[in-house]
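Asker: Submitted below is the structure of interest, expressed as structure tokens.
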Amino acid sequence: MVESWSFLDTAESNFRPLVVIELAKGTKQETIEWFTKRIVDKKADGGAQLLIKPLVTEKGVENIYLVGASHLRLLLGAETVGLVKECSDNSMRTFTYSSRKTFKHFADDNHDFLTMAECQYIIKHELENLRAKKEKIIPGYPQAKLYPGKSIVRRLLTSGILVQIFPLHDREELKKLSHNWYGRVKVGYQPLDDIRCYFGETIALYFGFLEYFTFALIPMAVIGIPYYVFAWEDYDKYVMFATFNLLWSTVILEVWKRMCAILTYRWGTLLMKRQFEEPRPGFHGVLGINPVTGREEPVYSSIKRQLRIYLVSLPFVCLCLYFSLYVMMIYFDLEQWALDYHKENESNFSSLMLYVPSIIYAVVIEIMNRIYRYAAEFLTSWENHRLESSYQNHLILKVLVFNFLNCFASLFYIAFVLFDMKLLRQSLATLLITSQILNQFAESLLPYWLQKRYNRRMKKRMCSKKTGVDLSLAEQVNMEKEMGTYLGTFDDYLELFLQFGYVSLFSCVYPLAAVFAVLNNITEIYSDALKMCRVYKRPFAEPTASIGVWQLAFETMSVISVVTNCILIGMSPEVDALFPDSKMELVLTVALVEHLLLAIKFIMAFVIPDKPREIQMKLAKLEFESLEALKQQVRAFQMQLHFLLIHR
């Protein structure tokens, strides 16, 4: 490995731009020279050993630079980040440069062995790991402090010198992917492998989950339609539908784990070893020594962080929850006003007015969710978490708690305080449909329209300039740098999580919820695909082996749905009539049934393996081979040591 780095050349005649770096206008020349030098310097000298060229336009050289890498550099980088590739014997193994010949489709002249997304991920990794050596400041900016081990890119970003870093689209590949993905309306599976090759595993896994969840909703929708149309009120069918829902919610989540394992094994991320987490970009503190790595990095007291969490963040979240409940009570006042108005007039207009409070409340819920999201991000950042994983976990917890209460508190109040099943059905339908329409408009249609409008203006401006310079690459970069930035799959998973709640929590009251969820998800697949390909800049690929904490969130929601559906069944007139003398017997019976269903649920979760047998065997075989290889290395070392001792 060391020898390979030392002989690696930084020049390559066939330069392929992969990543764009945009510096702020007016960036000082000495800063640019220092930063670009660190990018091209050899690894032994603390550089990234990449290729970089300025973007030349009709105006000359702007503060935009294109970054690439030689084929050899990318292969060595693939070993550094621990990419897993398929071998000639069809097994999946961590790529090493020394054993490159054993991997399928590898050839010294085959530059497609690594996907473009993998190449861009490698470059991103190398840029983020550019660290200060002896520099105390960024040249030209004495206020931008550095210290040994500090990430240069992160300091440039926080200082406002570096505007953004983003990967370039491959226009030909994007055109093919768009055609196969959303360019034609068809009944079939998404090209998940193509999505993974272009956008990476995290985004491919989200679309895989969205597709799987949509298909999983179809049985609920098929059963729910006749239940709703024929207005079945029979107790037996009522219980059967709710019981099916509870078993369904468990089975689909367990089966998804197996499908996820199959996908991520095929993509190699199931075997990728998690690297030691570096401090997140926003983490700050006094300079100290990390006791694990021995490197200098910011140190922040965990006691101060806990004080911020429990004395500021927690009270703020509780205050927001109280405000959400206050808004909910205003909504019920509006509901009562609409009901009184309908009783007085009893016209078509008054009938429509019955839905107005729910629609207004649904809009207010969406607005409150979005405002709270910004507040939660600010608070979580202010808490100063060292690791990105810790930051994400705290943010997700804050957002999930508020969204759950904000979206479902009114439904719980109607069901278990007002005992109004008709109003519950009406409110559930209105909240579900309104939120779906608002999300489609805010997340896809509006950004697409704005981006299309900007692209039209940009193309007219480019075409109107008569110049002999080839502006195809410059035009692409200038158009893409103005695109919106995709902020990750957080909002997409959150939308599915809330949808899962609407479907599972009160399924027996409004069985058509699954039907509307299926219709929404079909359009969501196409709109999200359009959004990824046409609206946002290409995001960097992020390897992942699962949907992470969202799996736990969905499983928690399914447990809550067991409790709510059992209580709803216990509240039905048919069940109540079975216990005319003692309500305590009714409560105990409902509690017993609820505990039995939870027991069945957890038994099913335990019985269904998270990974298919075939994947388990392959993983066990790889672990055995790794142990055998380690034993051979130990034996070889012992023999060499023994030989040296004998001939000493």
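Derivation of every value follows stated rules applied to the coordinates shown; laboratory data play no part. Worth saying up front: this structure is predicted, and the values here are computed from it rather than measured. Quick reminder, even Gly has a Cβ in these numbers, built from the backbone with ideal geometry, and neighbours come from all protein chains shown.
Asker: Could you compute the FRET efficiency for residue 616 and residue 25, with r as their C-beta to C-beta distance and R0 at 60 Å, rounded to 0.05?
Answerer: Calculated value: 0.60.
Asker: Where does the stretch 69-126 land on Rg/Rh, using Cα atoms and the Kirkwood Rh?
Answerer: Result: Rg/Rh = 0.92.
Asker: Which whole-number percentage describes the relative contact order of the stretch 19-168, with Cα contacts under 8 Å and a sequence gap of 6 or more?
Answerer: It comes to 27 percent, rounded to a whole number.
Asker: Are there GluC sites (Glu not before Pro) in the stretch 292-352 that DSSP marks as loop and that have at most 15 other Cβ atoms within 10 Å, and which are they?
Answerer: Answer in residue order: 346.
Asker: Now for a separate question. Based on the mean of other Cβ atoms within 10 Å per residue, sort peptides 71-81, 481-491 so the most packed one is first.
Answerer: Top to bottom by mean Cβ count within 10 Å: 71-81, 481-491.
Asker: Tally Lys/Arg at +1 and Asp/Glu at -1 over every other residue whose Cβ is under 13 Å from the Cβ of residue 621; what's the total?
Answerer: So the environment of residue 621 carries a net charge of -2.
Asker: By the scheme Lys and Arg +1, Asp and Glu -1, what is the net charge of all other residues having a beta-carbon under 13 Å from that of residue 567?
Answerer: -2
Asker: Quick check for me: using +1 on Lys/Arg Cβ and -1 on Asp/Glu Cβ, what's the dipole size of the stretch 40-83 about its Cα centre, in debye to the nearest 20?
Answerer: The dipole magnitude comes to about 60 debye.
Asker: Something else: Roughly how many nanometres apart are two label points built 7 Å out from the Cα toward the Cβ at residue 306 and residue 143?
Answerer: Rounded to a tenth, the inter-label distance reads 3.7 nm.
Asker: Could you order peptides 251-257, 512-518 by the average number of other Cβ atoms within 10 Å of their residues, highest first?
Answerer: Final packing ranking: 512-518, 251-257.
Asker: On to the next question. Using 7 Å Cα-to-Cβ label points, what is the residue 482/residue 350 separation (nm, one decimal)?
Answerer: Modelled inter-label distance: 5.5 nm.
Asker: Give me the compactness ratio for the stretch 19-168, meaning the Cα radius of gyration over 2.2 N^0.38 Å.
Answerer: Taking the Cα Rg and dividing by 2.2 N^0.38 Å, one obtains 1.17.
Asker: Okay, next question. Does the stretch 301-350 come out rounded, prolate or oblate by the C-alpha gyration tensor, with a ≥ b ≥ c the root eigenvalues, rounded set by a/c under 1.5 and, if not, prolate when a/b is larger than b/c and oblate if not?
Answerer: prolate
Asker: Need one number: nm distance between label points at residue 107 and residue 604, each 7 Å from Cα along Cα→Cβ, rounded to one decimal.
Answerer: 5.1
Asker: While we're on this one: Once you list every other residue whose beta carbon is under 10 Å from the beta carbon of residue 611, what net charge do they have if Lys and Arg are +1 and Asp and Glu are -1?
Answerer: The answer is +2.
Asker: Please give the charge dipole size of the chain, origin at the Cα centre, charges +1 on K and R Cβ atoms and -1 on D and E Cβ atoms. Round to the nearest 20 debye.
Answerer: My answer is approximately 2780 debye.
Asker: Given the -39500 (n - 2.57) contribution per DSSP H run of 4+ residues, what per-residue ellipticity at 222 nm results for the chain, rounded to the nearest 500 deg cm²/dmol?
Answerer: Helix contribution divided over all residues of the chain: -20500 deg cm²/dmol.
Asker: Span-like helices, the chain: DSSP H, alpha-carbon axial extent 24 Å or more, mean Kyte-Doolittle 0.0 or greater, which ones?
Answerer: 201-229, 235-267, 314-345, 356-382, 388-413, 421-440, 513-530, 549-571, 583-607, 613-646
Asker: Select from 137, 70, 94 the residue farthest towards the positive end of the dipole of the stretch 19-168; place +1 on Cβ of Lys and Arg, -1 on Cβ of Asp and Glu, and compute about the Cα centre.
Answerer: Going by the Cα projections, it comes out as 137.
Asker: If you place +1 on the Cβ of every Lys and Arg and -1 on the Cβ of every Asp and Glu, how big does the dipole about the Cα centre of the stretch 19-168 come out, in debye to the nearest 20?
Answerer: 700
Asker: Right, here's the next one. Using only alpha carbons, build the gyration tensor for the stretch 506-555 and give me the equivalent ellipsoid semi-axes, biggest first, whole Å.
Answerer: 28, 20, 6
Asker: Counting pairs of alpha carbon atoms under 8 Å apart in space and at least six apart in sequence, what relative contact order in percent does the chain give?
Answerer: This gives 18 percent for the chain.
Asker: Continuing with the same structure: Starting from the Cα of residue 579, move 7 Å in the Cα-to-Cβ direction to define the label point; list residues of the stretch 239-269 whose amide nitrogen is under 19 Å from there.
Answerer: Inside the label zone: 239-240, 242-243.
Asker: Now a separate question. How big is the chain in terms of Cα radius of gyration and Dmax, in angstroms?
Answerer: 28.9, 108
Asker: Out of residues 5 or more away from residue 51 or on other chains, whose amide H comes under 5 Å of its own, with H placed 1.01 Å from N in the peptide plane?
Answerer: Answer set, sorted by chain and number: 68, 69, 70.
Asker: Sticking with this structure for a sec: Among 209-222, 98-111, what's the highest-first ranking by average C-beta atoms within 10 angstrom per residue?
Answerer: 209-222, 98-111
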